[in-house]
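The values are calculated or read from the model by the stated rules, or taken from the named source; none is laboratory data. Just so it is clear, the structure is predicted and the values come from calculations on it, not from any experiment. Counting neighbours? That spans all protein chains shown, and the Cβs are built from the backbone with ideal geometry, glycine included.
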Amino acid sequence: MSFLLKEGKDRIGRNAILLAMLDEEELVNIKTRLKKYDWKFCTGKVGAMELKKVLAAIETAAKRENIVNPSFYREMHALYHATIEAMYGITRGQIELGGLHRTAGLRFSVISGEPYNQSAEGKWIAVALYGTIGAPVPGHEHETIGLGINHM
């Protein structure tokens with residue numbers, strides 16, 4: 001599994017996807033690396049048939065873990081757009097769940113930091129979603145993944 005843990009500070013999206021996908025025992029090395037980069041990150045789970053519940057879960061976790069400062073519009077705006085972009089991947093371009101009679105069981109990660117060598121490039125945020133989506137009937141879902149990245 002060492003190929004999954006390849007160094008790469010410029011890969012904020014790749015790290016977000018790994019953080020959302022890996023099991024707890026697999027996360028030790030990646031969490032150590034993210035701390036070394038001085039990046040802020042969190043993970044969580046959400047199961048919903050409504051987009052607003054997915055958005056609320058991610059926003060709440062990002063605020064609680066001080067990844068975004070709710071007093072700064074630019075940070076909340078960046079989180080929102082990164083989350084919406086990730087949802088496009090999950091829902092195949094139509095950000096709709098309950099209205100289309102679908103449900104999602106997702107793990108998410110949020111990472112913020114400076115992925116570029118020049119600090120003038122500023123801070124960025126990545127939101128990754130991984131899990132299942134499908135009809136709200138157990139056994140009738142499939143895997144899905146989405147990623148959104150935005151500058152802060």
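Brief remarks follow.
- So residue 28, is it over 18 Å from residue 112 (Cβ atoms) and modelled with pLDDT of 85 or more: no
- Of all residues in region 76-102 being in contact with a strand residue (DSSP E or B) (Cβ under 7 Å, 6 or more places away or on another chain) and farther than 11 Å from residue 54 by Cβ, the one that is modelled with the lowest pLDDT: 102
- Across region 124-148, the qualifying residues are those that are among the aliphatic types (A, V, I, L, M) and in contact (Cβ under 8 Å) with a residue 40 or more places away in the chain, and the one among them that is nearest to residue 50 (Cα to Cα) is 133.
- Among the residues of this structure, residue 35 does not count as one that is within 22 Å of residue 132 (Cα to Cα), modelled with pLDDT under 95 and either in contact with a Ser or Thr (Cβ under 6 Å, 6 or more places away or on another chain) or surrounded by fewer than 17 Cβ atoms within 10 Å (Cβ to Cβ) (or both).
- Looking across region 13-29 at every residue that is of a type in the set (A, V, I, L, M) and farther than 21 Å from residue 82 by Cα, the one that is surrounded by the most Cβ atoms within 10 Å (Cβ to Cβ) is identified as 27.
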